[in-house]
Amino acid sequence: MPMTRLCIQLLKWLSIFFLLICAIATISGYFIYTRLMLDLPDVKTLRHAQYQIPLSVYSKENLLIAQYGEKKRIPISIEQIPKQLVFAFLAAEDDGFYEHPGIDIKGLMRAAYQLALTGKKKQGGSTITMQVTRNFLLSNEKTYSRKLKEIVLALKIEQEYSKDQILELYLNQIFMGHRAYGVAAAAQVYYGKTLNSLTLAEHAMIAGLPKAPSTYNPITNEERALQRRNYVLQRMLELNRISQKDYENAIRQPSTAKLQTVIPELSAPHLAEMVRQKIYEDYGEQAYTSGLKVYTTIDGNLQAAANNALANTLHAYDERHGYRSPTTKTSGKYTNFSDIPIIGDTLPGYVVSLKHDTAKVRLQDHEIIDLQWDNCKWAGNRLENILKVGSFIRVRKLKGEAWRLTQVPETEGAFVALSPSNGAIIALTGGFDFTRNKYNRAIQSKRQPGSGFKPIIYTTALEEGFTPASMINDAPLVIDIPGQETEWRPENYNRKFLGPTSLRNALVHSRNIISIRLLKEIGIEKTVKTALRFGFTEEQLPKTLSLALGSGHATPTEMARLYATFANGGFLVDPYFIERIETVEGNTIYQARPKIACPNCETTRMQSGYAPRVVAPDINFLMNSMLRDVVQKGTATAAKSLGRQDLAGKTGTTNEQRDAWFNGYTPTIVATAWLGFDDFSPLGDHETGGTAALPMWIEFMQTALKYTREVPVEEPVGIVKAYINPKTGLLVPEKSIGGIWEFFQAAHVPNTFSKSQSENRPENFAPSEALEELF
């Protein structure tokens, strides 16, 4: 009896203890749950989940130029994901996904049992829903509290979202190795394909990656990746997602994965870097993760033409100055032939054999090419004197199938083309190879513009009452320079003097002495003010007579802007390169609204949307007339090969040929070409703007103007045409031998006759007979 009473009492105390433990557990659980709920993020934020998507830069035709950002991701909807790939993921990661409430109770119990048995946390029991909570809502720390949060959040997510919504979040967010996030990015990174183009074996390979993206990676560990792929295929077969035949065919397939890089559809790396810097300046670090799409003003066809024109011009200069002998050793840090980099359009080659007039050359991809003598003879007099079997050379591919012996140019160049109507940059290249040297000469180089600056001086002179027929003496000039013992004795390029010369001929033939005399006459201060109207700054403009020879500094883009003013009728436009910016959803958050040149608009309508007029219509017409003669009769006659009458421009060559320029335009496009050494070394004798830079401009314009009609010249009100003696600039009777027609501002038409003609003019002859007023 006492034993029975003792047992009852023990049971009573055990019951009380059990109830106490339960109460404590319940209260503790409540407090833990309450604390967890306070710390849990709101699952509703997943409706506005922000994927980290790289910044993409496009041409105006939607050609990809560049992408910036560490994570590669291409978000897609669940409807765009092939069912076969979905089945592969479910087989690999969570075959009960569509049945469970967000957590796998059996899996969690197994994990808990392992923890109790071994005292170690084992991975397991994670559903796709729980992985979504980890990737979107929680940190990566491995703690018990985080696991509890994960379970609670998974349950809440399942209540808030459909299974397809959860699966879409997962398949877009999951890390797949090699900086790829999401299944669409993985398809591109490993196969260079869209998801719909992948095979069953490739789907299974991708589905096997999330478990361990490094261990099961087909690039770095093909054997383990194939094992994982085959496991996924086996699970798909067991779950009746594929047939036995499909399984057997897929399991026999070798791995086809190969790391793919994002290959731009259009090469414009200097412009892309300009975009990157601007977007980062405006948006900060989120520029690389928010999926912005930047559409530039670049024309894909013209950009390709600019790239080719610059490369070909630099090669042509390099070939004129001789071949630097090949070597039988790899150079510098490159110990293997396969390590030698491709630079620009030049490819490393290994000379395999020489026979007659042909060299057999092996490229790095093991292709054997024929190098014919005709494409080598620029380098020497005989093929065997130029090349040796076993030597390393460089070659470049010409149009068609031909190859040419080449070398990496030592000179550099830049090219920029604008739309004169609004300043849109439609083509830009800042150097031969961006990967080798990221310096953007199109916008960063401060080079002397040389004779390309002279139109500023001539514009000022016309505004001061000079005319294209005004005569200036092209004769030796000695200038005393304060503080220096020696005088300055400027010369023309050909070291000859022509005597009295009209302004038109002086500009057409780029006579230095006349530019200096003209600057002295009109004054440096007035010329500087004109240059400021054209967009230059005080810092760019020396206050000395050397300004007449372009001794200041400017970038190619600034020079293109200068000549855009002449092309568009006298308006200063601002160069720009971003047309619009869109969010990843396709919403436009920025749209360029450039000020446009409007020569036919009334002055009263020139409001904020229009570019300011900086040159009067009549002055601009006269400058256009003279600059067109530069092409037709002067230092740029090589451009006549384009077969057009609406070409205008000016060559530029600086002291000792350190810079070669051509700035040219039509009414619809303006472009500047520059060539020189980065260290300001001389280019060499006869390497003038017309020889070294003009070919680049011509080659580009062959493409740019191919389908563009000539624009007829329209003389503005106030322009008068008169028949003059070209040697004096004065009137002569219309029938006089040797006379020419010249344009004048109405207020500055000559009113006297040339002495050589005055005695022979008809009786009662009136000056009006030598004039033709154009309205």
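Some points to look at:
- Subset of segment 357-402 that is without any contact (Cβ under 8 Å) to a residue 12 or more places away in the chain and surrounded by 14 or more Cβ atoms within 10 Å (Cβ to Cβ) - its residue that is farthest from Tyr317 (Cα to Cα): Lys360
- Within segment 171-207, the set of residues being hydroxyl-bearing (Ser, Thr, Tyr) and buried (at least 24 other Cβ atoms within 10 Å of the Cβ) comprises Tyr181, Tyr190.
- Entry remark, segment 588-611: residues being modelled with pLDDT of 95 or more and open to solvent by 60 Å² or more (accessible area, probe 1.4 Å) number 7 in total.
- Residues of segment 245-283 classified as over 11 Å from the mean Cα position of the chain (by Cα), in a helix (DSSP H, G or I) and not acidic (Asp, Glu), total: 10
- Among the residues of segment 478-498, those identified as open to solvent by less than 90 Å² (accessible area, probe 1.4 Å) and hydrophobic (A, V, I, L, M, F, W, C) are Val478, Ile479, Ile481, Trp488, Phe497.
- Scanning segment 284-301 for residues that are in a loop (DSSP other than H, G, I, E, B) and modelled with pLDDT of 95 or more gives Leu292, Thr297, Ile298, Asp299.
- Here Ser641 passes the criteria (1) open to solvent by 70 Å² or more (accessible area, probe 1.4 Å); (2) more than 26 Å from Gly676 (Cα to Cα); (3) in a helix (DSSP H, G or I) except the one numbered (2).
- Breaking point among (1) over 30 Å from Ala592 (Cβ atoms); (2) open to solvent by less than 20 Å² (accessible area, probe 1.4 Å), for Met696: (1)
- Any hit, segment 227-243, residues being over 18 Å from Ala92 (Cβ atoms) and exposed (fewer than 15 other Cβ atoms within 10 Å of the Cβ): yes
- Matching residues in segment 83-109 - criterion: being modelled with pLDDT under 90 and farther than 28 Å from Leu226 by Cβ: Pro101, Gly102, Ile103, Ile105, Lys106, Leu108, Met109
- Test for Asp618: is it within 22 Å of Asn505 (Cβ to Cβ), open to solvent by less than 20 Å² (accessible area, probe 1.4 Å) and of a type in the set (D, E, K, R): no
- From the list Leu428, Leu477, the lone residue that is aliphatic (A, V, I, L, M), touching a His at 6+ places or on another chain (Cβ under 9 Å), farther than 30 Å from Ala746 by Cβ and touching a residue at least 40 places away in the same chain (Cβ under 8 Å) is Leu428.
- Matching residues in segment 263-285 - criterion: being closer than 25 Å to Ala187 by Cα and exposed (fewer than 14 other Cβ atoms within 10 Å of the Cβ): Ile263, Glu265
- Test for Gly552: is it assigned to a loop (DSSP other than H, G, I, E, B) and open to solvent by less than 20 Å² (accessible area, probe 1.4 Å): yes
- Considering segment 145-203, the residues that are part of a helix (DSSP H, G or I) and hydroxyl-bearing (Ser, Thr, Tyr) include one that is farthest from Tyr247 (Cα to Cα), namely Ser145.
- Scanning segment 204-225 for residues that are in a helix (DSSP H, G or I) and either in contact with an Asp or Glu (Cβ under 9 Å, 6 or more places away or on another chain) or closer than 17 Å to Leu171 by Cα (or both) turns up Ala204, Met205, Ile206, Ala207.
- Considered as a group, the residues in segment 286-308 that are within 17 Å of Phe577 (Cα to Cα) and hydrophobic (A, V, I, L, M, F, W, C) include one that is surrounded by the fewest Cβ atoms within 10 Å (Cβ to Cβ), and that residue is Ala304.
- Tally, over segment 540-549, of residues that are closer than 14 Å to Pro455 by Cβ and either open to solvent by less than 20 Å² (accessible area, probe 1.4 Å) or among the small types (Gly, Ala, Ser) (or both): 2
- Residue count for segment 710-763 under the criterion of being at pLDDT 85 or above, out of contact with any Ser or Thr (no Cβ under 6 Å at 6 or more places or on another chain), hydroxyl-bearing (Ser, Thr, Tyr) and open to solvent by 40 Å² or more (accessible area, probe 1.4 Å): the result is 1.
- Of all residues making up segment 669-691, the number that are within 22 Å of the chain's Cα centre (by Cα) and over 16 Å from Leu310 (Cβ atoms): 2
- Just one of the numbered conditions (1) touching a residue at least 40 places away in the same chain (Cβ under 8 Å); (2) touching a strand residue (DSSP E or B) at 6+ places or on another chain (Cβ under 7 Å) is not true of Pro213: (1).
- Here the condition is being outside any loop (DSSP other than H, G, I, E, B), open to solvent by 10 Å² or more (accessible area, probe 1.4 Å), over 26 Å from Phe466 (Cα atoms) and of a type outside the set (S, T, N, Q); of Arg580, Arg517, Arg561, it holds for Arg580 alone.
- A single entry from Asp685, Asp679 fulfils the requirement of being open to solvent by 10 Å² or more (accessible area, probe 1.4 Å), in contact with a helix residue (DSSP H, G or I) (Cβ under 8 Å, 6 or more places away or on another chain) and free of Cβ contacts under 8 Å to residues at least 40 places away in the same chain: Asp685.
The values are calculated or read from the model by the stated rules, or taken from the named source; none is laboratory data. All of these numbers come straight from a predicted model, not from anything done at the bench. Note: ideal-geometry Cβ built from the backbone for every residue, glycine included; neighbour counts use all protein chains shown. Side chains included, ligands, DNA and RNA excluded: accessible areas come from the protein's heavy atoms. Shrake-Rupley method; radii C 1.70, N 1.55, O 1.52, S 1.80 Å.
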